[in-house]
Amino acid sequence: MPAAIINEVENLILKTANHLQAEANDKATKLFLDADLKILAADAPTYKCYTDAVRKEYSMYPDVMFNHGRKKFIEKALASPRIFKNERFYNTCEEQARQNLLTELNQLL
């Protein structure tokens, strides 16, 4: 595989560490980041499974620490003008994602 492709994929993956602030000036980056966040727009039962899996992934942290970090992420996402950068994802996922995040935030409080 050419080094340029490997570097491009590596850069896309690294941008997922900070979805909301990641620079996404091209279609590929927008699609990649939005596909990674699409779970935020899942139906309620699927979203609950996702949040349970996230909690399990970070089970080494006590609830107070985990809840603080998760709350920070959710508040940052909700304060962002847009969660999804690609127009199609924005039009089809934004509203449900915000509803799921708000529900989760209220449960954390």
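The values are calculated or read from the model by the stated rules, or taken from the named source; none is laboratory data. From a predicted model like this one, the values you see are computed outputs, not experimental measurements. Here the Cβ positions follow ideal geometry from the backbone for every residue, glycine too, while neighbour counts run over all protein chains shown. Quick note on the areas: whole protein, heavy atoms, side chains included, nothing else; ligands and nucleic acids left out. Shrake-Rupley method; radii C 1.70, N 1.55, O 1.52, S 1.80 Å.
Straight-line cross-link reach from Lys30 at under 24 Å between alpha-carbon atoms covers these lysines, not counting any fewer than eight positions away in the same chain: Lys15, Lys38, Lys72, Lys76, Lys85. Relative to the longest principal axis of the Cα atoms of the chain, helix 27-37 runs at roughly 20 degrees. Of all aspartates and glutamates in the structure, those lying under 16 Å Cα to Cα from Lys48, and not within fewer than 8 positions of it along the same chain, are Glu57, Glu104. Pop out the carbon and sulfur fraction of the accessible area of the chain as a percent, whole number, probe 1.4 Å. Ligands and nucleic acids excluded, carbon and sulfur give 57 percent. Based on protein heavy atoms only, the chain ends up with 67 Å² per residue of surface accessible to a 1.4 Å probe. With contacts taken as Cα pairs under 8 Å and at least 6 residues apart, the chain reaches a relative contact order of 33 percent.
Along the axis of the charge dipole computed for the chain (Cβ charges of +1 for Lys and Arg, -1 for Asp and Glu, origin at the Cα centre), the listed residues Ile13, Pro81, Met65 are led at the positive end by Met65.
With both labels modelled 7 Å from their Cα along Cα-to-Cβ, the Asp63 to Ile5 distance reads 4.8 nm.
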